[in-house]
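Visitor: Got a structure for you, questions after.
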Amino acid sequence: MSKIRAAITGIYGYIPEDILTNKALETLVDTNDEWIKARTGIEERHILRDPEKATSYMATEAVQGLLKKTGLSPLDIDLLICASVTPDYFFPDTGTLICYNIGAKNAFAYDIQAACSGFLFSATTGAKFIESGAYKNVIVVGADKMSSITDYTDRSTCILFGDAAGAILLQPNDQGFGLQDSWMRVDGVGAEFLHMKGGGSKNPPTHETVDKKWHYLFQDGKPVFKAAVKGMAEAVNEILKRNNLSPDDIRFVVPHQANLRIIQAVADYLKFPMERVMVNIQKYGNTTSATIPLCLWEWEDQLKPGDKVILTSFGGGYTWGASLWTWAY
Ligand SMILES: CC(C)(COP(=O)(O)OP(=O)(O)OC[C@H]1O[C@@H](n2cnc3c(N)ncnc32)[C@H](O)[C@@H]1OP(=O)(O)O)[C@@H](O)C(=O)NCCC(=O)NCCS
């Protein structure tokens, strides 16, 4: 019997309507459109403005769209994994809220938090449940309301992030399509450079933590930049080597969208032409767990069965890795 692989069989995304342009950011902090475009590639990002709506709202929209598109009933879902650094609550987990919203009464769910690698790690994790033969329909959704942890007085970070959600459906495939390999790593040395200090058990919320702005994301951009280039290049290289592939064999590389210069540096290092690197950071900024599924969603029409696609990410932690997929539809 041929091996059961987990194939991506559908993708959908949700992008909030409100747009925050570079020009609008000029009114909030001492920055300008030219600097932001030149240093990051970002032109605008979308923000979920409604204070009543949180990450689960965007994720629910993405998953509902995915169900409609694939014709799957919520009752058919076995497992839903939500990747996020901005869950609605510490608990209950966002995955459970999404399942409740869509009526996925036969599913179990949980969240994975691995910063910007959350989607990559979750997709591999979800795939293992399919490969084991235990489950038939696994949804992985990456969703982040980054605006909820962004300090709009800090020009070095507020220009970078946006809000969005993206979801994929994983189903069994015995024709060789689907997840072929994944390589993932973490290194806690990165905690110093990219973190949110307050709110957890180390620094529970107090007036002081609020005054010190510890409930916002903190980033020291330079070391993160360097580590991101090195990490994603290493991960993609590792995947190519392990699978005896050259860049010519890969239809698309799908990198986490943190900074256009990081993406270009990774492509340069790998000698991979930018025409086959998915880039949409100019429209959405860094949406953390949603960047990779949003790219796949946007490029879906250009993919055909048998295409080899490498996903790669780098994020806080540090967390990083890559996975190789053979496209199934
Ligand atoms: C944040 C980032 C865009 C900053 O770009 P950079 O080229 O490293 O810029 P620097 O931090 O060296 O800052 C250069 C100058 O621009 C200034 N600057 C920073 N943000 C600015 C802004 N929004 N507008 C104008 N000037 C800005 C700095 O204050 C600094 O001025 P100085 O030289 O007078 O001190 C970049 O470091 C980055 O993208 N880092 C990694 C981000 C990332 O990948 N994060 C998520 C990981 S998943």
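The values are calculated or read from the model by the stated rules, or taken from the named source; none is laboratory data. What you see is a predicted model; the values in this text were computed from it and never measured. FYI the Cβ positions are ideal-geometry reconstructions off the backbone, even for glycines, and counts take in every protein chain you see. Ligands, DNA and RNA are stripped out before the accessible areas are found, and what is left, the full protein with its side chains, is counted by its heavy atoms. Shrake-Rupley method; radii C 1.70, N 1.55, O 1.52, S 1.80 Å.
Visitor: Could you say which residue among F177, F193 is out of contact with any helix residue (DSSP H, G or I) (no Cβ under 8 Å at 6 or more places or on another chain), open to solvent by 10 Å² or more (accessible area, probe 1.4 Å) and among the aromatic types (F, W, Y)?
Guide: Details: F193 fails: out of contact with any helix residue (DSSP H, G or I) (no Cβ under 8 Å at 6 or more places or on another chain).
Exactly one of F177, F193 is out of contact with any helix residue (DSSP H, G or I) (no Cβ under 8 Å at 6 or more places or on another chain), open to solvent by 10 Å² or more (accessible area, probe 1.4 Å) and among the aromatic types (F, W, Y), namely F177.
Visitor: May I ask you to list pairs of residues, at least six apart or on different chains, whose Cβ atoms are under 8 Å apart, with the first in segment 145-173 being more than 23 Å from C295 (Cα to Cα) and the second being in a helix (DSSP H, G or I) and at pLDDT below 95?
Guide: Listed by first residue and then by second, the contacts come to nothing, as the list is empty.
Visitor: Same structure again: Looking at A290, is it under 13 Å from the mean Cα position of the chain (by Cα), at pLDDT 95 or above and surrounded by 24 or more Cβ atoms within 10 Å (Cβ to Cβ)?
Guide: Values: under 13 Å from the mean Cα position of the chain (by Cα): yes; at pLDDT 95 or above: yes; surrounded by 24 or more Cβ atoms within 10 Å (Cβ to Cβ): yes.
Yes; evaluated as a whole, the condition is true for this residue.
Visitor: Count, please, the residues in segment 237-275 that happen to be part of a helix (DSSP H, G or I), under 21 Å from Q219 (Cα atoms) and in contact with a strand residue (DSSP E or B) (Cβ under 7 Å, 6 or more places away or on another chain).
Guide: Within segment 237-275, residues that are part of a helix (DSSP H, G or I), under 21 Å from Q219 (Cα atoms) and in contact with a strand residue (DSSP E or B) (Cβ under 7 Å, 6 or more places away or on another chain) number 2.
Visitor: Identify, from the list T312, T291, the residue that is within 16 Å of the ligand (Cβ to nearest atom), polar (S, T, N, Q) and touching a helix residue (DSSP H, G or I) at 6+ places or on another chain (Cβ under 7 Å).
Guide: On the way: T291 fails: touching a helix residue (DSSP H, G or I) at 6+ places or on another chain (Cβ under 7 Å).
Of T312, T291, the one residue that is within 16 Å of the ligand (Cβ to nearest atom), polar (S, T, N, Q) and touching a helix residue (DSSP H, G or I) at 6+ places or on another chain (Cβ under 7 Å) is T312.
Visitor: Restricting to segment 257-282, what's the tally of residues that are at positive phi and open to solvent by less than 40 Å² (accessible area, probe 1.4 Å)? Give the steps one after another, and end with the answer.
Guide: Within segment 257-282, the first condition is being at positive phi, and the residues that meet it are 271.
Now drop any that are not open to solvent by less than 40 Å² (accessible area, probe 1.4 Å), which leaves none.
The number of residues fulfilling the criteria is 0.
Visitor: Also, I was wondering about something else. Filter segment 38-65 for residues that are open to solvent by 60 Å² or more (accessible area, probe 1.4 Å) and among the hydroxyl-bearing types (S, T, Y) and give the result.
Guide: Y57
Visitor: Moving on. For Q282, indicate whether it is touching an Asp or Glu at 6+ places or on another chain (Cβ under 8 Å), in a helix (DSSP H, G or I), within 15 Å of the ligand (Cβ to nearest atom) and farther than 23 Å from A123 by Cα. Let's see the steps before the verdict.
Guide: Working: touching an Asp or Glu at 6+ places or on another chain (Cβ under 8 Å): yes; in a helix (DSSP H, G or I): yes; within 15 Å of the ligand (Cβ to nearest atom): yes; farther than 23 Å from A123 by Cα: yes.
Yes; evaluated as a whole, the condition is true for this residue.
Visitor: Every residue in segment 201-227 that is assigned to a loop (DSSP other than H, G, I, E, B), surrounded by 12 or more Cβ atoms within 10 Å (Cβ to Cβ) and either in contact with a Pro (Cβ under 7 Å, 6 or more places away or on another chain) or on the phi < 0 side of the Ramachandran plot (or both), please.
Guide: Pass one, segment 201-227, residues assigned to a loop (DSSP other than H, G, I, E, B): 201-206, 212-217, 220.
If we keep only those that are surrounded by 12 or more Cβ atoms within 10 Å (Cβ to Cβ) too, we end up with 203, 205, 212-217, 220.
Hits for segment 201-227 are N203, P205, K212, W214, H215, Y216, L217, D220.
Visitor: So which residues in segment 195-246 are within 11 Å of the ligand (Cβ to nearest atom), in contact with a Phe, Trp or Tyr (Cβ under 9 Å, 6 or more places away or on another chain) and among the charged types (D, E, K, R)?
Guide: Of everything in segment 195-246, those that are within 11 Å of the ligand (Cβ to nearest atom), in contact with a Phe, Trp or Tyr (Cβ under 9 Å, 6 or more places away or on another chain) and among the charged types (D, E, K, R) turn out to be D220, K222.
Visitor: To continue, here is another question. Could you check how many residues of segment 223-254 are more than 19 Å from the chain's Cα centre (by Cα) and either within 14 Å of A191 (Cα to Cα) or not assigned by TED's automatic domain parsing to the domain that holds G306 (or both)?
Guide: The total comes to 1.
Visitor: Another question, then. W35 fails exactly one of the following numbered conditions: (1) surrounded by 14 or more Cβ atoms within 10 Å (Cβ to Cβ); (2) more than 16 Å from the chain's Cα centre (by Cα); (3) in contact (Cβ under 8 Å) with a residue 24 or more places away in the chain. What is the number of that condition?
Guide: Only one criterion is unmet by W35, namely (3).
Visitor: Considering every residue within segment 68-79, establish whether at least one is open to solvent by less than 10 Å² (accessible area, probe 1.4 Å), of a type outside the set (V, I, T), under 30 Å from K136 (Cα atoms) and touching a residue at least 40 places away in the same chain (Cβ under 8 Å). Outline the logic, then answer.
Guide: Here is the first cut: in segment 68-79, the residues open to solvent by less than 10 Å² (accessible area, probe 1.4 Å) are 77, 79.
With of a type outside the set (V, I, T) added as a condition, the list becomes 79.
This time we only want the ones that are under 30 Å from K136 (Cα atoms), so: 79.
Restricting the remaining residues to those that are touching a residue at least 40 places away in the same chain (Cβ under 8 Å) gives 79.
Within segment 68-79, one or more residues are open to solvent by less than 10 Å² (accessible area, probe 1.4 Å), of a type outside the set (V, I, T), under 30 Å from K136 (Cα atoms) and touching a residue at least 40 places away in the same chain (Cβ under 8 Å).
Visitor: Let me ask something additional. Within the bounds of segment 198-212, is there any residue that is closer than 30 Å to Q64 by Cβ and at pLDDT 95 or above? So that I can check it myself, show each step before the final result.
Guide: At the first step, the residues of segment 198-212 found to be closer than 30 Å to Q64 by Cβ are 199.
Applying the additional criterion that residues be at pLDDT 95 or above yields 199.
Yes, segment 198-212 contains a residue that is closer than 30 Å to Q64 by Cβ and at pLDDT 95 or above.
Visitor: A further question follows. Report whether or not L170 is of a type outside the set (D, E, K, R), under 27 Å from L72 (Cα atoms) and open to solvent by less than 10 Å² (accessible area, probe 1.4 Å). Working first, answer last.
Guide: Numbers: of a type outside the set (D, E, K, R): yes; under 27 Å from L72 (Cα atoms): yes; open to solvent by less than 10 Å² (accessible area, probe 1.4 Å): yes.
Yes.
Visitor: For segment 294-309, name all the residues that are more than 14 Å from L179 (Cβ to Cβ), in a helix (DSSP H, G or I) and either of a type in the set (A, V, I, L, M, F, W, C) or within 12 Å of the ligand (Cβ to nearest atom) (or both).
Guide: Matches in segment 294-309: L294, C295, W297, W299.
Visitor: Right, something else. Take segment 122-167 and flag every residue that is open to solvent by 30 Å² or more (accessible area, probe 1.4 Å) and either away from the ligand (no atom under 12 Å from the Cβ) or outside any loop (DSSP other than H, G, I, E, B) (or both). First the steps, then the outcome.
Guide: Our first condition is that a residue be open to solvent by 30 Å² or more (accessible area, probe 1.4 Å); within segment 122-167, this holds for 125, 128-129, 131-136, 148, 152-156.
Scanning segment 122-167 gives T125, K128, F129, E131, S132, G133, A134, Y135, K136, S148.
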